[in-house]
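The values are calculated or read from the model by the stated rules, or taken from the named source; none is laboratory data. Here the structure is a predicted model, which is why all the values come from computation and not from measurement. Virtual Cβ from ideal backbone geometry, glycine too; neighbours counted across all protein chains shown. Ligands, DNA and RNA are stripped out before the accessible areas are found, and what is left, the full protein with its side chains, is counted by its heavy atoms. Shrake-Rupley method; radii C 1.70, N 1.55, O 1.52, S 1.80 Å.
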Amino acid sequence: MGDALLFRQKEDGIFDIYTQLSGENYTFTSRNAPEGNRTFNVDGGYLSETEGASESKTGIFRITVDFNTNSVKYEEVTDVSYYYPNTPDTELLTYVGKGVWKKENYIITFGDDRYHFRATVDGVEKAWGHKDNDTQTVPEELTGDYYDLYEKPVPGDRWKESFKFSRQIQG
């Protein structure tokens with residue numbers, strides 16, 4: 001159980017995680033400990049505490065578990081790109097595991113400092129960006145809730161849903 005991944009809570013009773021499934025059977029557990037936890041599997045899109053393992057799938061998924069309805073939703077994430085609205089260029093990111101995509105050795109040419117991400121989720125392009133339509137905040141730090149991702153439809157205005165690069169990155 002030491003390799004168990006944590007879900008994030010989206011709202012009361014609803015949790016999600018981004019992970020890669022490789023066709024092997026798996027279960028969900030209520031805590032990352034050998035004792036005192038409950039184990040769940042998925043059968044037909046619903047949670048069950050019966051013996052067995054969840055249906056196997058292959059790919060990178062956002063898995064949403066809703067304890068309010070005892071349901072599980074799998075949404076395949078086929079690509080994630082960095083989106084720079086100034087040009088507007090996109091740069092495909094590589095999934096490296098545990099819900100992380102990254103791009104190595106990529107040079108950002110600064111002009112305007114706004115950016116967000118584009119992801120294809122179950123065949124539909126989505127914007128992963130800031131919670132506000134167009135934040136005017138320039139963060140001082142490289143961490144914090146400023147960087148929490150919110151998923152929205154791709155905006156008609158390419159500048160919407162954008163983050164701004166931290167002053168630490170801009171130099």
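Between residue 104 and residue 159, the distance separating the two model label sites (each 7 Å from Cα on the Cα→Cβ line) works out to 3.6 nm.
Sorted by accessible area (1.4 Å probe), largest first, how do 58, 39 line up? Kindly include the intermediate steps, with their values, before the conclusion.
Numbers: 58 100, 39 65 Å².
From most exposed to least exposed: 58, 39.
With r as the distance between the Cβ atoms of residue 145 and residue 33 and R0 = 30 Å, compute the FRET efficiency 1/(1 + (r/R0)^6) and round to 0.05. Walk me through the numbers on the way to the answer.
Numbers: r = 28 Å, r/R0 = 0.92.
Given R0 = 30 Å and the Cβ-Cβ separation, E is 0.60.
Checking the a/c ratio against 1.5 first, then a/b against b/c, what shape does the Cα gyration tensor give for the range 61-117? Prolate shape, in that a/c is at least 1.5 and a/b is the bigger ratio.
Please compute the length gained on full extension between residue 43 and residue 132, using 0.36 nm multiplied by the number of residues separating them and subtracting their Cα-Cα distance.
Numbers: separation 89, 0.36 × 89 = 32.04 nm, distance 3.73 nm.
This chain segment gains 28.3 nm when fully extended.
Of the solvent-accessible surface of the chain, computed with a 1.4 Å probe over protein heavy atoms with every protein chain present, carbon and sulfur atoms account for 45 percent.
Taking the inverse of the average 1/r across all pairs of different Cα atoms in the chain, what Kirkwood radius in Å do you get? Don't jump to the answer; show the numbers that get you there.
Details: mean 1/r = 0.0558 Å⁻¹.
Evaluated on the chain, it is 17.9 Å.
For the chain, the 222 nm mean residue ellipticity estimated from helices alone, with every DSSP H stretch of n ≥ 4 adding -39500 (n - 2.57) and the total spread over all residues, rounds to -500 deg cm²/dmol.
Taken about its Cα centre, the range 1-151 carries a charge dipole of about 220 debye when Lys and Arg each add +1 at the Cβ and Asp and Glu each add -1 at the Cβ. On a per residue basis, the chain carries 61 Å² of accessible surface, using protein heavy atoms and a 1.4 Å probe.
For 71, 22, 162, give me the order by solvent-accessible area with a 1.4 Å probe, most accessible first, ignoring ligands, DNA and RNA. Spell out each step's value before the answer.
Numbers: 71 30, 22 80, 162 0 Å².
The ordering from most to least exposed comes out as 22, 71, 162.
In the range 95-156, what GluC sites (Glu not before Pro) fall in a loop by DSSP, with at most 15 other Cβ atoms inside 10 Å?
Values: sites: 104, 125, 140, 141, 151; in loops: 104, 140, 141.
In loop regions of the range 95-156 (DSSP not H, G, I, E or B), the sparsely surrounded GluC sites (Glu not before Pro) are 104, 140, 141.
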